[in-house]
Amino acid sequence: MNKLSTRQTILIYLALGVVLIVFLMPIYLIASSSLKPSPIMFQKPPAFLFAPTFEHYQDLFAMRPFGKFILNSLIVALGSTAFSLTIGSLAAYAISRIRHKRMNDVAFWILSMRMFPPIAVVVPYYIIFKTAGLLDTPLALIIVYSTANIPLTVWLMKGFFDEVPIALEEAAAVDGYGLLETFLRVTLPLAAPGLAVSAVFCFIFSWNEFLFALMLTGSEAQTATVAVMSFWSSDAVQWGRIMAGSFIILIPGVIFVLTCQRWLVRGLTMGSVK
Amino acid sequence: MAYIRKRNRRIFLIFLLPAILVLFLTTIYPMIYAGYLSFRSYDLAKLFVPRVFVGWANYREILSSSEFLHSLVVTFKLMAMTLSVQLVLGVGIALLVVQKLPGMPLARTLLMIPMMISPVIVGLVWLFLYFPELGYLNYFLSLAGIDAIPWISSTNWALWAIAIADIWQWTPFVMMGTAAALQSLSPEPYEAAMIDGNSRWDVFTRVTLPQLKPVLVSLMFLRAIDAFKIYDIIFVLTKGGPGDSTEVLSMFIYRQSFTFWRMGVGAAASFVSLVIIVVLITLFFKSLNRDQTA
């Protein structure tokens, strides 16, 4: 491509500046509002410099057991991640190594399982879990989130296993390793970055999820996303607490983007971009 | 691949089995259950057992109810609104951030943040911006001389309020996919086009867009699948209202099942939504296979 002129460069940076302000402003609003004293929450023009207060964070943990809800979110997210990684990476390894023309169909079938509308299965889940006595338990959410996390893990890990040289596995077989041993000692360590990326994707998805958490939990197993919504009621909206809770909930996702953005393309575009 | 003998293949199938089994039990089985419920009169407010077999009555009811058809229309309207804006904005921003200028990789990274935020939080922060009387959005608009807009309290604007929140969260997805595709394009056709003296716009429409098309088609199908499922943002911002102006299909199912406790009707609507999503998923996979062979 030909060189950009100075004028073009300036225009590009100006446009980019507007784009960045628009897309980052809501995040700045959450962070700043969570630290603003309530009287100036909606002050116009917005106060950029103000004495920050931690009262909303203190209220959040004092007025309601928000700590417990965060712990619930963590239990559910870590549980579903561990379960999905175990089952998903085994399946991904099989799909990556079996040479059969139907294997592609199996991979697509598994992937399609995460694309179904959650609302369409929420009624059956509700009835099934109610019958099984699992309503309002972390286990119910761990099971439900795995339906999205296993397909994602299979999809991501298959890509990583495809890149592990078969020669290394053959050498291990010559050394007398069985298949499971080869997988655990040779292949999986080489695909460790994939495991890390899959783990983070599973964690963030479960941490952020709202619909199932709302429908399938009550006061016991409630997660942070549902709890933060409960500060919203038609007569009094506790914006300070909503913003403080929102800020806590968005931290893992932001850290993920800042540290592993190059994997986002692979994890989100499902093979649209090679 | 000599080491993959018959015996190993059997072990591989054992590796595959748990995933298939779990997905069958947690996804296929509930869908079959939804199918079963859709033929029953299942009123949870009255008795907690599947009651009478009612044949196609639930389907007849929803297909002849204007409320259900309205929710389908709203769903596809919202899909058209969000997808078109995301496509244009996403490609536009991608063209900015792939320029070889300092700071561009950082800008790309920062722009991806919205995608990883919980949709409930996205809903809440936009509610904060739209909030009647207090919200900042109308204040910013007033600085530009635009009159206050009743974002979530007017039937004319509520769907746009939802669309804007979704556009904010998912334009970065189109940007990210397009930027990745742009960076993998080969430079030769560009050099040829430049030598021929075409303008930048001509190069974009005649060289870049045709090459991007397969990727854009797949990205749009993924967005369509997601837009069809949209729920959280609407739940936070409008709950389907005012009136039924933002009642998408998932809100219709939610209200039938959990407000009116008519789970048979909800299940029938769910089944219709499954049929539509299967069509979208099939088209998406077709679009992927086409670029592999192209």
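Restricting A:LEU141, A:LEU134, A:LEU184, A:LEU211 to those that are at negative phi, in contact (Cβ under 8 Å) with a residue 60 or more places away in the chain and surrounded by fewer than 23 Cβ atoms within 10 Å (Cβ to Cβ) reduces the list to A:LEU211. Can you confirm whether B:MET112 is crowded, with 20+ Cβ neighbours inside 10 Å, without any contact (Cβ under 8 Å) to a residue 12 or more places away in the chain and over 18 Å from B:ALA161 (Cα atoms)? So B:MET112 does not fit the description; no.
The sole residue among A:ILE242, A:ILE248, A:ILE255 that is in contact with a strand residue (DSSP E or B) (Cβ under 8 Å, 6 or more places away or on another chain) and either of a type in the set (Ser, Thr, Tyr) or assigned to a helix (DSSP H, G or I) (or both) is A:ILE242. B:PHE128 passes every criterion in (1) farther than 30 Å from B:TRP201 by Cα; (2) free of Cβ contacts under 8 Å to residues at least 12 places away in the same chain; (3) more than 8 Å from every other protein chain (Cβ to nearest Cβ) apart from (3). Here B:GLY135 does not qualify as surrounded by fewer than 18 Cβ atoms within 10 Å (Cβ to Cβ) and under 27 Å from the mean Cα position of the chain (by Cα).
So that you can scan it fast, the table gives a plain yes or no per residue for (1) buried (at least 24 other Cβ atoms within 10 Å of the Cβ); (2) in contact with a helix residue (DSSP H, G or I) (Cβ under 9 Å, 6 or more places away or on another chain); (3) aromatic (Phe, Trp, Tyr); (4) at the interface with another protein chain (Cβ under 9 Å from one of its Cβ atoms):
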site: A:ARG64; (1), (2), (3), (4): no, yes, no, no
site: A:ASN72; (1), (2), (3), (4): no, yes, no, no
site: A:ALA77; (1), (2), (3), (4): yes, yes, no, no
site: A:ALA82; (1), (2), (3), (4): no, yes, no, no
site: A:LEU85; (1), (2), (3), (4): no, yes, no, no
site: A:ARG99; (1), (2), (3), (4): no, no, no, yes
site: A:ARG102; (1), (2), (3), (4): no, no, no, no
site: A:ASP105; (1), (2), (3), (4): no, no, no, no
site: A:TRP109; (1), (2), (3), (4): no, yes, yes, yes
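Within the stretch A:226-233, can one find any residue that is at pLDDT below 90, in contact with a helix residue (DSSP H, G or I) (Cβ under 8 Å, 6 or more places away or on another chain) and assigned to a loop (DSSP other than H, G, I, E, B)? There is at least one residue in the stretch A:226-233 that is at pLDDT below 90, in contact with a helix residue (DSSP H, G or I) (Cβ under 8 Å, 6 or more places away or on another chain) and assigned to a loop (DSSP other than H, G, I, E, B). When B:ALA144 is tested against the conditions (1) more than 12 Å from every other protein chain (Cβ to nearest Cβ); (2) surrounded by 15 or more Cβ atoms within 10 Å (Cβ to Cβ); (3) not hydroxyl-bearing (Ser, Thr, Tyr), the lone failure is (2). Within the stretch B:209-252, the set of residues being surrounded by fewer than 20 Cβ atoms within 10 Å (Cβ to Cβ), in a helix (DSSP H, G or I) and of a type in the set (S, T, N, Q) comprises B:GLN211 only. A count restricted to the stretch A:189-213 and to residues that are within 13 Å of chain B (Cβ to nearest Cβ) and not in a helix (DSSP H, G or I) stands at 2. For the stretch A:41-59, enumerate the residues that are surrounded by 13 or more Cβ atoms within 10 Å (Cβ to Cβ), within 14 Å of chain B (Cβ to nearest Cβ) and among the hydrophobic types (A, V, I, L, M, F, W, C). Matches in the stretch A:41-59: A:MET41, A:PHE42, A:ALA47. For the stretch A:137-188, the set of residues classified as outside any helix (DSSP H, G or I) and either within 11 Å of another protein chain (Cβ to nearest Cβ) or under 27 Å from B:THR26 (Cβ atoms) (or both) consists of A:THR137, A:TYR177, A:GLY178, listed by residue number. Screening A:GLY271, A:GLY218, A:GLY245 for residues that are on the phi > 0 side of the Ramachandran plot and either surrounded by fewer than 18 Cβ atoms within 10 Å (Cβ to Cβ) or not aliphatic (A, V, I, L, M) (or both) leaves exactly one candidate, A:GLY271.
Of all residues in the stretch B:187-221, those satisfying the criterion of being β-branched (Val, Ile, Thr) and modelled with pLDDT of 90 or more are B:VAL215, B:VAL217. Suppose the filter is of a type outside the set (A, V, I, L, M) and within 11 Å of chain A (Cβ to nearest Cβ); does B:PRO210 pass it? Answer is no for this residue.
Residues in the stretch B:138-193 that are more than 28 Å from B:SER245 (Cα to Cα) and under 18 Å from the mean Cα position of the chain (by Cα): B:MET175, B:MET176, B:GLY177, B:THR178. For the stretch A:13-28, a residue qualifies if it is at the interface with another protein chain (Cβ under 7 Å from one of its Cβ atoms), surrounded by fewer than 19 Cβ atoms within 10 Å (Cβ to Cβ) and either more than 25 Å from A:ARG241 (Cβ to Cβ) or in contact (Cβ under 8 Å) with a residue 60 or more places away in the chain (or both), and the qualifying residues are A:ALA15, A:LEU20.
The values are calculated or read from the model by the stated rules, or taken from the named source; none is laboratory data. Since the model is a prediction, treat every value here as computed from it, not as a measurement. Methodologically, a virtual Cβ is constructed for each residue, glycine included, from the backbone with ideal geometry; neighbour enumeration extends over all protein chains shown.
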